[in-house]
């Protein structure tokens with residue numbers, strides 16, 4: 001696995017329509033150089049709220065680094081990205097959110113971990129706070145200001161994407177209604193993203209299905225046999241009586 005597990009990387013609140021814009025350019029056949037040039041112009045007029053206005057070059061440069069998880073992923077993620085692009089090509093843009101979630105999670109495990117801690121808290125309570133999420137992340141990454149700052153950008157992205165909503169109390173959030181997913185191949189894509197986000201590249205199927213990092217979604221039940229038949233990148237290993245382990249084939 002690459003060193004991406006050691007980087008935080010979420011240095012900017014990411015708007016979903018920025019991600020949509022990138023995918024539309026890719027589907028139109030633009031190459032990386034053309035996409036970067038277009039984003040440079042597009043993001044320079046985007047405000048965090050989704051409106052327009054002047055922004056600093058450094059600020060939108062940070063945004064491009066996250067958006068690049070689609071158009072310029074690390075080498076080992078190119079086949080994964082290509083598969084995601086092939087699937088999203090036939091999907092209505094209003095349903096693109098889980099594809100973005102998968103692609104960013106694979107490229108930025110920190111994003112996935114913020115989502116996981118957020119989902120775990122929602123399993124325990126109806127409202128959560130930034131402080132609670134930060135506290136859990138610091139146990140994993142250490143008590144660094146950069147951890148809280150990057151986590152704050154990730155959480156604000158969750159709000160911008162409509163999977164969290166601000167409560168009446170500042171720094172406190174409620175979960176939005178989960179998005180139902182019925183497409184098996186999209187579910188497998190999310191599972192594969194979770195495996196890339198894991199340093200060991202493997203996880204029990206039951207734990208993947210109930211992974212709190214997927215709190216924005218309701219996923220269908222898939223058997224290990226079905227996943228093995230559909231995926232060229234995931235091996236399914238049986239252990240115990242009824243347990244199944246999913247692992248990336250290149251590990």
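You will find that of 168, 199, the residue that is at pLDDT below 95 and under 30 Å from residue 245 (Cβ atoms) is 199 and no other.
For the residues 79, 73, the requirement of being surrounded by 11 or more Cβ atoms within 10 Å (Cβ to Cβ), modelled with pLDDT of 95 or more and assigned to a helix (DSSP H, G or I) singles out 79.
Of all residues in region 7-57, those satisfying the criterion of being more than 28 Å from residue 95 (Cβ to Cβ), surrounded by fewer than 11 Cβ atoms within 10 Å (Cβ to Cβ) and either touching a helix residue (DSSP H, G or I) at 6+ places or on another chain (Cβ under 9 Å) or modelled with pLDDT under 95 (or both) are 53, 54, 56, 57.
When 124, 97 are screened for being farther than 18 Å from residue 195 by Cα and touching a strand residue (DSSP E or B) at 6+ places or on another chain (Cβ under 9 Å), only 97 passes. Restricted to region 184-211, and to residues that are in a loop (DSSP other than H, G, I, E, B) and free of Cβ contacts under 8 Å to residues at least 60 places away in the same chain, which residue is surrounded by the most Cβ atoms within 10 Å (Cβ to Cβ)? The selected residue is 210.
Any residue in region 224-233 that is touching a helix residue (DSSP H, G or I) at 6+ places or on another chain (Cβ under 8 Å), assigned to a strand (DSSP E or B) and modelled with pLDDT of 95 or more? For region 224-233, residues touching a helix residue (DSSP H, G or I) at 6+ places or on another chain (Cβ under 8 Å), assigned to a strand (DSSP E or B) and modelled with pLDDT of 95 or more: absent. Evaluate the following for residue 212: is it under 22 Å from residue 133 (Cβ atoms), modelled with pLDDT of 95 or more and in contact with a helix residue (DSSP H, G or I) (Cβ under 6 Å, 6 or more places away or on another chain)? The answer is yes for residue 212. Selection within region 127-165: residues that are part of a loop (DSSP other than H, G, I, E, B), out of contact with any helix residue (DSSP H, G or I) (no Cβ under 7 Å at 6 or more places or on another chain) and modelled with pLDDT of 95 or more. The member of this set that is surrounded by the most Cβ atoms within 10 Å (Cβ to Cβ) is 163.
Filtered by the rule that a residue be within 17 Å of the chain's Cα centre (by Cα) and more than 16 Å from residue 19 (Cα to Cα), region 80-102 gives 80, 83. Across region 150-168, the number of residues qualifying as over 16 Å from the mean Cα position of the chain (by Cα) and touching a residue at least 24 places away in the same chain (Cβ under 8 Å) comes to 1.
The values are calculated or read from the model by the stated rules, or taken from the named source; none is laboratory data. Note that the coordinates shown come from a computational prediction; the quantities given were computed from them, not determined experimentally. Note: ideal-geometry Cβ built from the backbone for every residue, glycine included; neighbour counts use all protein chains shown.
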